[in-house]
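I have placed the structure first, in the form of structure tokens, so that the comments after it can refer back to it.
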Amino acid sequence: MGRITIAIDGYSSTGKSTVAKQLADYLGYVYVDSGAMYRAVTLYAMQQGIISKAHFDTSKLIASLPEIHLKFYKEPSWNKAHIFLNGKDVEDKIRNLEVSEFVSPVATIHEVRAKLVAQQKQMGLEKGVVMDGRDIGTVVFPKAELKIFMNASAEERAQRRYKELLERGEQIKFSEVLKNIQARDHIDTTRDDSPLVKAADAIDIDNSEMNLEDQFHTVLQLAKDRIAGRV
Ligand code: DC
């Protein structure tokens, strides 16, 4: 068997992107962070005043979708591809808590999902791709040869995220981070369109107690087996 498609889904801050990226680098595959696409659409909505704490004009966002162009691009010196929103590199702008708060409601909108899923399917046409997100194994690549579903306790995920945000210099309380994770879990799992669910044929990995190295080796072994057609 040649190149395969690998779908990695799971709750927020389970370390999906870390393992997806490691795997793609090791196998020489393309890594696609589908969450970055939802975040970039959210940033657009914030910049245009379509979403704020006070209101969310969903029809305006839907009407603006043809004006939103997303692209991934990687310079050889960069560690990962950056996401570009209408030609601008917004990689640095999409990870803060404000975008994280607004992104789940944006991701509930059917028209937003339809647009992004169509682009994601295109990116997978040639296989050799590792994509992480919430609906990759269920909606984007239902035929992926390897599907992983990652999980860890909400407290553990909030700890990791809190540490990351502090390191980036954000002034934040742990309780706020935990609240955001729990709120996102709730919206992601209960929305009507493509809620976060484990695909029937996905392999569960709970990494609450795993270090990065163990996790990588576990997933790599699964990938090698699938590529060799062993399982
Ligand atoms: O993986 P992340 O935390 O960067 O994702 C941000 C949000 O985008 C998350 O709250 C849910 C949404 N998302 C989605 O609905 N479907 C995807 N394939 C990826 C992300």
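The values are calculated or read from the model by the stated rules, or taken from the named source; none is laboratory data. Quick caveat: nothing in here was measured; it's all calculated off a predicted structure. Using ideal geometry, Cβ is built from the backbone for each residue, glycine included, and neighbour counts are taken over all protein chains shown. We work out accessible area using only protein heavy atoms, side chains counted, and drop any ligands, DNA or RNA first. Shrake-Rupley method; radii C 1.70, N 1.55, O 1.52, S 1.80 Å.
Determine the share of the chain's accessible area contributed by carbon and sulfur atoms, expressed in whole percent, with a 1.4 angstrom probe.
With neighbouring chains kept in place, the figure for the chain is 52 percent.
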Self-check item: Residues of type lysines that K143 reaches as a straight line, Cα spacing below 28 Å, ignoring anything fewer than 8 places off in the same chain
Solution: K16, K21, K71, K74, K80, K115, K121, K127, K198, K224
Quiz item: Extent of the stretch 1-93 along each principal axis, from alpha carbon coordinates, in Å, largest to smallest?
Solution: 48, 29, 24
Quiz item: Does the stretch 139-231 come out rounded, prolate or oblate, given a ≥ b ≥ c as the square roots of the eigenvalues of its C-alpha gyration tensor, rounded meaning a/c under 1.5 and, failing that, prolate meaning a/b above b/c?
Solution: oblate
Self-check item: ³J(HN,Hα), Karplus 6.51/-1.76/1.60, whole Hz, each residue of the stretch 44-51, x for Gly, Pro
Solution: 4, 4, 5, 5, 8, x, 7, 10
Quiz item: Under a 5 Å amide H to amide H cut-off, with H placed in plane at 1.01 Å, what residues pair with V32 once short-range neighbours are removed?
Solution: V130, M131, D132
Quiz item: To the nearest µm²/s, what D does Stokes-Einstein give for the chain at 20 °C and 1.002 mPa s, using the Kirkwood radius over alpha carbon pairs as Rh?
Solution: 118
Quiz prompt | Charge dipole (debye, nearest 20) of the stretch 4-119; +1 at Cβ of Lys and Arg, -1 at Cβ of Asp and Glu | solution = 40
Practice problem: Per DSSP H run of at least 4 residues, take -39500 (n - 2.57); add these up for the chain, divide by its residues and hand me the 222 nm value, nearest 500 deg cm²/dmol. | Solution: -14500 deg cm²/dmol
Quiz item: For the stretch 159-231, which GluC sites (Glu not before Pro) are in a loop by DSSP, counting at most 10 other Cβ atoms within 10 Å?
Solution: E209
